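The values are calculated or read from the model by the stated rules, or taken from the named source; none is laboratory data. Source: prediction; values computed, not measured. Using ideal geometry, Cβ is built from the backbone for each residue, glycine included, and neighbour counts are taken over all protein chains shown. Keep in mind that these areas ignore ligands, DNA and RNA; they rest on the heavy atoms of the full protein, side chains included. Shrake-Rupley method; radii C 1.70, N 1.55, O 1.52, S 1.80 Å.
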Amino acid sequence: MTAPENGRTKQALSKAILHTANHLFTEHGVESVSMHQIAKSVGIGQGTLYRRYSNKGELCMDMMKENFENFIMEIDNILKEGTNLSVQERLSIVMRKIIAFIDHKSEWLGVVQTFKKVEDDKPDFFQSPPYVYLHNAISELFREAIETGQIRSVDPAYAAHSFISILSPHTIKHLKFAMGYTCEEIQDRFCLTFIDPLFR
């Protein structure tokens, strides 16, 4: 059994790698940062880094998991503390947060997709914890809106799935870079097009 590099525990080393990669990706962009740069900045050999992550996609995937856990806590807090707000207001806030999250992490998601092998037998997004969490949270808001008479009857599961599906990273990137919308404009137009008409 080998000792952790530079006297750090495995957990401390993992945190250092993720923290350093996050800093480098934010400063220079994911595509511009190499695995060599990450290893050098952490103060470890490339072999140590590659034993943990065989490519940048795997590293981004781990970073996405950590970021999504923080995102879930943020959404949970919004829903718990916003009980005095209407369902329309809470749904709009949640969807705006989702759009901002995808926009901010779209480069990471692209790298994950690039390195994902076609032959990998992994469950699709619609079976993943992020989808399941978001689908449950949005479905619950729709159910509350129906029960309190704030909207006409809709199928909560179908509506939640549709809202999540519309907001793929590819869609957000196309709206931004091909059509010229800012993140704020995408958020505003989503609410005007898909949420507000349901509550009128």
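So here's what we get for this one:
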{"quantity": "Tilt relative to the chain, helix 56-81 - C-alpha long axis, 0 to 90 degrees, to 10", "calculated": "40 degrees"}
{"quantity": "Fluctuation leader among 169, 129, 156 - the chain, Gaussian network, Cα springs under 10 angstrom", "calculated": "129"}
{"quantity": "Exposed GluC sites (Glu not before Pro) absent: longest stretch of the chain, with sites in DSSP loops and at most 12 other Cβ within 10 Å deemed exposed", "calculated": "32-118"}
{"quantity": "Within-13-Å neighbourhood charge of residue 143 [Cβ basis; K, R +1; D, E -1]", "calculated": "-3"}
{"quantity": "Pairwise centroid distance, computed over Cα atoms, of region 47-95 with region 6-43, Å", "calculated": "20 Å"}
{"quantity": "Degrees separating the helix 10-28 axis from the principal Cα axis of the chain, which is the longest one", "calculated": "70 degrees"}
{"quantity": "Theoretical ellipticity at 222 nm over the chain - DSSP helices of four or more residues, -39500 (n - 2.57) apiece, nearest 500", "calculated": "-21500 deg cm²/dmol"}
{"quantity": "Rounded to 10°, Cα long-axis angle of helix 129-147 versus longest principal axis of the chain", "calculated": "10 degrees"}
{"quantity": "Surface accessible to a 1.4 Å probe, per residue, for the residues of the chain, Å²", "calculated": "59 Å²"}
{"quantity": "Interchain or long-range residues, amide H under 5 Å from residue 55's placed H", "calculated": "none"}
{"quantity": "Quarter of Cα convex hull surface for region 157-196, i.e. mean projection, nm²", "calculated": "2.8 nm²"}
{"quantity": "Electrostatic dipole magnitude of the chain [Cβ: Lys, Arg +1; Asp, Glu -1; Cα centre; debye, to 20]", "calculated": "480 debye"}
{"quantity": "Counted charge near residue 156, where neighbours are those whose Cβ lies closer than 13 Å (Asp, Glu -1; Lys, Arg +1)", "calculated": "-2"}
{"quantity": "Overall Cα dimensions of region 1-102 - principal axes, largest extent first, Å", "calculated": "55, 30, 19"}
{"quantity": "Apportionment of accessible area to carbon and sulfur, the chain, percent (1.4 Å)", "calculated": "54 percent"}
{"quantity": "Binned Cα-Cα distances of the chain, short to long, each 10 Å bin given as a whole percent", "calculated": "8, 30, 30, 20, 10, 3, 0"}
